[in-house]
Amino acid sequence: MANYVSVVLASMLKFIGGPLAGVALGLPWPQTLFFTVVGTMISVVTVTFAGHAAERLFRHYRRHPPKLFSRRTRLAIRVWKRSGLLGIALLTPLLLTPIGGTALAVSFRAGAFRILLYMFISSVFWGLIFTLALYQIPGLRGILHH
């Protein structure tokens, strides 16, 4: 049970953490994939439905107004204009955290159902790729166990 919780917690914070934790703990790959998706979706659901409250909280405690056109915001806008929520969802496991990608989707005012659906599909897709790839690397379990 503790092994599953470890995978869930790792993937809640950083997507690749779930598959890495599953390999390190010696879990079978289907369980690693399942609990990676569960952890990611816990973050996605939490941020999706708490997004507006968190935005107000950040605004309250922010010392300086955010830059409107930083390198990061320009990239986010470019991805949003080119591929919308699908692009954000597909890039979340690769470049963002589940929390960061979902917060970005919420900031673009995407609907909750669409955020949940697209992030779920993306987490299953990338979870399968990362998990299977990591389980195929010879000796990785031995390296992660030490």
With 0.36 nm assigned to each residue of separation and the Cα-Cα distance removed, PHE113 to SER83 gains 9.0 nm
Quick calc, the range 1-93, dipole around Cα centre from Cβ unit charges on Lys, Arg (+) and Asp, Glu (-), nearest 20 debye, gives 820
In degrees rounded to 10, the 0-90 angle between helix 71-95 Cα long axis and the longest Cα principal axis of the chain is 30
Rounded to the nearest 10 degrees, the helix 2-13 long axis (Cα) sits at an angle to the longest Cα principal axis of the chain of 30
In whole percent, the fraction of accessible protein surface over the chain that belongs to carbon or sulfur atoms, probe radius 1.4 Å, stands at 70
Probe 1.4 Å, heavy atoms of protein chains only: per residue, the accessible area of the chain in Å² is 63
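The values are calculated or read from the model by the stated rules, or taken from the named source; none is laboratory data. Remember, predicted model here, so these are calculated numbers, not experimental data. Quick reminder, even Gly has a Cβ in these numbers, built from the backbone with ideal geometry, and neighbours come from all protein chains shown. When the accessible area is computed, the model is the full protein with side chains, heavy atoms only, and any ligands, DNA or RNA have been set aside. Shrake-Rupley method; radii C 1.70, N 1.55, O 1.52, S 1.80 Å.
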